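As structure tokens, the structure follows; a few thoughts come after it.
The values are calculated or read from the model by the stated rules, or taken from the named source; none is laboratory data. Note that the structure is a prediction, hence the values are computed from the model and not measured. A quick note on method: Cβ atoms are made from the backbone with ideal geometry, for glycine too, and the neighbour counts reach across all protein chains shown. With ligands, DNA and RNA removed, areas are computed over all heavy atoms of the protein, side chains included. Shrake-Rupley method; radii C 1.70, N 1.55, O 1.52, S 1.80 Å.
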Amino acid sequence: MDFSHLVGFEWDEGNLEKVLQRMEPSIAEAAFLGEPWVALSRRYSAFEERWFLINKVMGRYIFSIFTIR
């Protein structure tokens, strides 16, 4: 998937709190660089597309669920 057209991230306040407990947001955002594994899932929302992403950043695997708006 090509993420080059994306211009930034908008963190949900509840999710940002969880991210900050585990890592810097920039590390989670770096997971979108390189060649991440990405898959579409309609299971979690009937109203918008939700995507799963897995990538290795700085020696650790990052898993993210996101939407493109």
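Some points to look at:
- In this structure the amide hydrogen of residue 50, modeled in the peptide plane, comes within under 5 Å of the amide hydrogens of 41, none closer than 5 places in sequence on its chain.
- In the chain, the portion of solvent-accessible area held by carbon and sulfur atoms comes to 51 percent [1.4 Å probe, whole percent, DNA, RNA and ligands not counted].
- The chain: relative contact order as a whole-number percent, Cα under 8 Å and 6+ apart: 22
- Based on the reciprocal of the average 1/r between different C-alpha atoms, the Kirkwood radius for the chain equals 12.8 Å.
- When the helices of the chain are scored as -39500 (n - 2.57) per DSSP H run of n ≥ 4 and the total is divided over every residue, the value at 222 nm lands at -6000 deg cm²/dmol.
- With protein chains left intact and a 1.4 Å probe, residues in the stretch 19-69 average 77 Å² of accessible area per residue.
- Relative packing of 23-31, 58-66, 10-18, which averages over residues the other C-beta atoms within 10 Å, highest first: 23-31, 58-66, 10-18
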